[in-house]
Amino acid sequence: MMKTRFPLLVLAMAVLASGFSTTSATGHEGHDHEAMQKAEKKISDTLAKLPAEDQKLAAAQRFCPMMAYSRLGAMGAPIKLTIEGKPVFVCCKGCIDDAKAGGTATVKITEKLKDASAELAKLPPAERAAAEAQKYCAINTKGLLGSMGAPIKLEIDGKPVYLCCGGCTKKAQANPAATLAKVEELKKPGMKEGHDHGDKDHADHKK
Ligand SMILES: [Zn+2]
Ligand SMILES: [Zn+2]
């Protein structure tokens, strides 16, 4: 019994996954592309000042492990640490102590960020940006989008909803209003993170 049922389930999930994740980014409404491009340019200029090896590492990691929504380079040069013998970039000084205190956990998050970034990099730019803005699955809110392969995209009431895997599809569709509310919540990173990262005042991050 188990032997036949399991592969079927996997197959069904794979079909769902391929069906939804290949949906193209047609007709998404009024994004400010210019502002986005400017922000990207600023980040790439900042990262370009790092040594070549670090540029690669920071680009692969893309986000700070302590502030999962914080793009490396968006707040000035990211800071390179060595934790458990592994290079880890954090977005700002305020994240150094937490990152070190996290030890193995910090290294694990960093690895996950690298995997997720590599996966999301395969998406068209607008899709990638949308998935990165949501960051976590609307159902499994600890599931980093891209960490379980290509994220699944649904449309609920015409709004894009990203999920970590096909297994979350049914739950997302079962309660559309709650799913959309969760997406909105996830897109407000300030609500979710432990310490408050304003855009500017990193100087008075508490130690
Ligand atoms: Zn920081
Ligand atoms: Zn999932």
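The values are calculated or read from the model by the stated rules, or taken from the named source; none is laboratory data. Bear in mind that the values here come from a model prediction, so they are computed numbers and not experimental data. Methodologically, a virtual Cβ is constructed for each residue, glycine included, from the backbone with ideal geometry; neighbour enumeration extends over all protein chains shown.
Data for the structure
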| quantity | calculated |
| --- | --- |
| Tabulated pairs, the range 70-82, first more than 16 Å from PRO51 (Cβ to Cβ), second at pLDDT 95 or above and surrounded by fewer than 16 Cβ atoms within 10 Å (Cβ to Cβ), C-beta under 8 angstrom, 6+ apart or interchain | ALA74/LYS42 |
| Yes/no for ILE156 being near ligand 2 (Cβ under 9 Å from one of its atoms), outside the structural domain of PHE63 (by TED's automatic domain parsing) and over 24 Å from THR110 (Cβ atoms) | no |
| Only one of SER70, SER44, SER117 that is touching a Cys at 6+ places or on another chain (Cβ under 6 Å) and of a type in the set (Ser, Thr, Tyr) | SER70 |
| Residue pairs meeting the criteria (Cβ under 6 Å; at least 6 apart or on separate chains; first more than 16 Å from ligand 2 (Cβ to nearest atom), in the range 94-114; second at pLDDT below 95) | GLY94/HIS202; GLY94/HIS205 |
| Selection count where residues are crowded, with 17+ Cβ neighbours inside 10 Å and touching a strand residue (DSSP E or B) at 6+ places or on another chain (Cβ under 8 Å), scope the range 141-170 | 16 |
